[in-house]
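Engineer: What follows is a single structure, and I will ask about it in a moment.
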Amino acid sequence: MSAKEVLLATDKVSKIFTLKDGTRFTACNEVSISLHKGETLGLVGESGCGKSTFVRTIMGLHPATSGKILFKGEDITNLTGEKRREMAKHIQMIFQDPATAFNPKMRIKDIICEPLRNFERVSDKEAEARAVDLLRQVELAPEIALRYPHELSGGQRQRVGIARALILEPEIIICDEATSALDVSVQDSIAKLLAKIQREKGVSYIFICHDLALVSLISHRVMVMQKGNVVEELPGDKLQSCQHPYTKKLLASVFTVHR
Amino acid sequence: MLLNVKELAIDYQGKNTVANVNFDLSAGEIMAIVGESGSGKTSVIRAILGCLSGTGQVSAGEINFNGRDIAHLSNKEWLAIRGKDMAMIFQDSGNMLNPVQTIGRQFVEYIQLHSKLSHSEAVKKACGLLARMNLPDPARVMDSYAFELSGGMRQRVGIAMALTFSPQLLLADEPTSALDVTTQAQIVDELMQVVHEAGSAMIIVTHNIGVAAHMADKIMVMAGGKVVEYGKTDEIIKNPQAEYTRTLLGSVPEIGGQRYVS
């Protein structure tokens, strides 16, 4: 994997929030990662461990307190304005609950094409064609293009979320608990879809999840976070050989069907 | 036999949604209902508790609780049963708790509603119950508002309240689904322990078959408002008969299982 191009790297990124009473809270403490092309990097840990804060910092939704974020060797830590907007073409995000991430008054085709319209002029006809094409890629029927989000099931909505993340053909997709709100069988089909898209398009994923079992199956590498720190990094298929007590505790918390 | 459900059917807006549900439960037994969202599993336990949402109603069948059919009780008759003989734990107890009252105030109100305890006795009982759920510093929890507690703590409060009167039947609707894996593991074990101590029977609704296999004596698998499979946990897990059960079991991610990526 090391021979491959490093797409995204962070160098000791920290994010410190100042609370109302003036105390400082370190949500992310010197997190360094490198993400290669076509790779899935899993990020696990309990709520409040700083995984979402970290990816939000990468996305530029809030500035990093210290450290550097590099995209293809270029420093993107403090991008602003037009340059920050252009970055969105390269990194897209899928959220936990697309029901709250979508505008309920927009049709699915407009939801999918919204990122495209932020960057170029597209006619309604062309937008619909692009939307239908993407719906096919995420294994949904073309009729869905004309529906509204509330008419779809959770699994269908998450597929639309994936379609929307794909329309700008980004190199990196960040999945923030993208399958956590779904039933196991639907989760299975979404994970398969993400893996298929990766094989076909070579996108890289940062996959945030609190389910260790799922993350181990979908990730090439897994990073375990606790209280803002990365405590351990392991290959996805070798989680059982973990050393850190926190990873062991996470492993022991997984309920398996076949013991 | 504590609970016996016969040919239960549930309608929403006059349209049949759940049909032909049959099962029985003895004291001390734990049953899990598993299935996808929309399979009707929550409707079944809500029907047992007599609180189907919206236009839902039991259209056929019997729900025998201690030999008495409770499918069509009046609201007044329910008051004596619900919360005392039968209690429910919700997915997110934070939504069940009153946001503008302290935990202590609503807990004490609930205890005094169903018993003749004095205020100080009720406070003592509540603190004891909170302590039993491994909540550190129960007195502080009593003085807190729901939003001041973490999800795991709120869920422990919800379970403590449900167990107040050692109900004969405990219903749990996805009690651990909103929690982190580590908290989920703790709460599942605590829940099993206190249920056994109280000698209650429990029905747990979950989509996590791992949790169901760990907790339950028997499992009922539901899909599209119908019971697909019903039997002892071991038999369902080791030798599933229905195709749907097999799909469901196959989609549970397991460490060291079939990987999505190479």
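Engineer: Collect the residues in the range A:102-128 that are surrounded by fewer than 16 Cβ atoms within 10 Å (Cβ to Cβ) and part of a helix (DSSP H, G or I), keeping them in residue-number order.
Structural biologist: Of the range A:102-128, the ones surrounded by fewer than 16 Cβ atoms within 10 Å (Cβ to Cβ) are A:103-106, A:114, A:117-126.
Within the range A:102-128, A:GLU114, A:ARG117, A:ASP124, A:LYS125, A:GLU126 qualify.
Engineer: Select from the range B:45-93 the residues that are among the hydrophobic types (A, V, I, L, M, F, W, C) and part of a loop (DSSP other than H, G, I, E, B) and write down the one among them that is farthest from B:LYS6 (Cα to Cα). Give the derivation first.
Structural biologist: Keep residues of the range B:45-93 that are among the hydrophobic types (A, V, I, L, M, F, W, C), which gives B:45, B:47-49, B:51-52, B:58, B:60, B:63, B:65, B:70-71, B:73, B:78-81, B:86-90.
In the following step, the residues that additionally are part of a loop (DSSP other than H, G, I, E, B) were identified as B:49, B:51-52, B:70-71, B:73, B:90.
On the way: B:LEU49: 15, B:CYS51: 18, B:LEU52: 18, B:ILE70: 12, B:ALA71: 11, B:LEU73: 17, B:PHE90: 25 Å.
Among residues in the range B:45-93 that are among the hydrophobic types (A, V, I, L, M, F, W, C) and part of a loop (DSSP other than H, G, I, E, B), the one farthest from B:LYS6 (Cα to Cα) is B:PHE90.
Engineer: Residues of the range A:220-258 being touching a strand residue (DSSP E or B) at 6+ places or on another chain (Cβ under 8 Å), closer than 15 Å to A:CYS49 by Cβ and assigned to a strand (DSSP E or B), which ones?
Structural biologist: Listed by number, the residues that qualify are A:VAL222, A:MET223, A:VAL224, A:MET225, A:ASN229, A:VAL230, A:VAL231, A:GLU232, A:GLU233.
Engineer: So is B:LEU170 within 14 Å of the chain's Cα centre (by Cα) and either over 27 Å from B:LYS124 (Cβ atoms) or surrounded by 22 or more Cβ atoms within 10 Å (Cβ to Cβ) (or both) or not? Please lay out each step first, then the result.
Structural biologist: Numbers: within 14 Å of the chain's Cα centre (by Cα): yes; either over 27 Å from B:LYS124 (Cβ atoms) or surrounded by 22 or more Cβ atoms within 10 Å (Cβ to Cβ) (or both): yes.
Yes, satisfied.
Engineer: Out of A:ILE206, A:ILE172, which single residue is over 30 Å from B:ALA185 (Cβ atoms), more than 8 Å from chain B (Cβ to nearest Cβ), within 17 Å of the chain's Cα centre (by Cα) and of a type in the set (A, V, I, L, M)?
Structural biologist: Details: A:ILE206 fails: over 30 Å from B:ALA185 (Cβ atoms).
Answer to the selection: A:ILE172.
Engineer: Tell me which of these A:ARG199 doesn't satisfy, since it passes every other one: (1) assigned to a helix (DSSP H, G or I); (2) crowded, with 18+ Cβ neighbours inside 10 Å; (3) in contact with a Ser or Thr (Cβ under 9 Å, 6 or more places away or on another chain); (4) not hydroxyl-bearing (Ser, Thr, Tyr).
Structural biologist: Here A:ARG199 clears every test but (2).
Engineer: Now for a separate question. Quick check on the range A:221-247: of everything there that is touching a Ser or Thr at 6+ places or on another chain (Cβ under 8 Å) and more than 13 Å from every other protein chain (Cβ to nearest Cβ), which residue is surrounded by the fewest Cβ atoms within 10 Å (Cβ to Cβ)?
Structural biologist: In this case the residue turns out to be A:VAL231.
Engineer: I've got another one for you. Can you say whether B:ARG132 is over 23 Å from the mean Cα position of the chain (by Cα) and within 22 Å of B:THR183 (Cα to Cα), as far as the supplied structure shows?
Structural biologist: Values: over 23 Å from the mean Cα position of the chain (by Cα): no; within 22 Å of B:THR183 (Cα to Cα): yes.
So B:ARG132 does not fit the description; no.
Engineer: Would you confirm whether any residue within the range A:189-198 is farther than 21 Å from A:GLN96 by Cβ and facing chain B (nearest Cβ under 7 Å)?
Structural biologist: no
Engineer: So, in the range A:209-220, of the ones that are facing chain B (nearest Cβ under 7 Å) and of a type in the set (Gly, Ala, Ser), which residue ends up farthest from A:LEU250 (Cα to Cα)?
Structural biologist: Here the residue is A:SER216.
Engineer: Within the range B:47-70, which residues are in the same structural domain as B:VAL205 (by the TED database) and touching a residue at least 60 places away in the same chain (Cβ under 8 Å)?
Structural biologist: B:ILE48, B:LEU49
Engineer: Anything in the range A:155-169 that is crowded, with 18+ Cβ neighbours inside 10 Å and either within 11 Å of chain B (Cβ to nearest Cβ) or among the charged types (D, E, K, R) (or both)? List them, or say none.
Structural biologist: Filtering the range A:155-169 for residues crowded, with 18+ Cβ neighbours inside 10 Å gives A:155-167.
Those that are crowded, with 18+ Cβ neighbours inside 10 Å and either within 11 Å of chain B (Cβ to nearest Cβ) or among the charged types (D, E, K, R) (or both): A:GLY155, A:ARG157, A:ARG159, A:ARG164.
Engineer: Only one of these is within 14 Å of chain A (Cβ to nearest Cβ), surrounded by 16 or more Cβ atoms within 10 Å (Cβ to Cβ) and within 30 Å of A:GLY38 (Cα to Cα): B:VAL211, B:VAL252. Name it. So that I can check it myself, show each step before the final result.
Structural biologist: Values: B:VAL211 fails: within 30 Å of A:GLY38 (Cα to Cα).
Criteria check complete, one pass: B:VAL252.
Engineer: Identify all residues within the range B:177-200 that are more than 13 Å from chain A (Cβ to nearest Cβ) and surrounded by fewer than 22 Cβ atoms within 10 Å (Cβ to Cβ); write none if there are none.
Structural biologist: B:GLU190, B:GLN193, B:VAL194, B:HIS196, B:GLU197, B:ALA198, B:GLY199
Engineer: Could you list all residues from the range B:72-92 that are over 19 Å from B:PHE165 (Cβ atoms) and touching a residue at least 60 places away in the same chain (Cβ under 8 Å)?
Structural biologist: Within the range B:72-92, B:GLN91, B:ASP92 meet the criteria.
The values are calculated or read from the model by the stated rules, or taken from the named source; none is laboratory data. From a predicted model like this one, the values you see are computed outputs, not experimental measurements. Note that each Cβ is placed from the backbone with ideal geometry, even for glycine, and that neighbours are counted across all protein chains shown.
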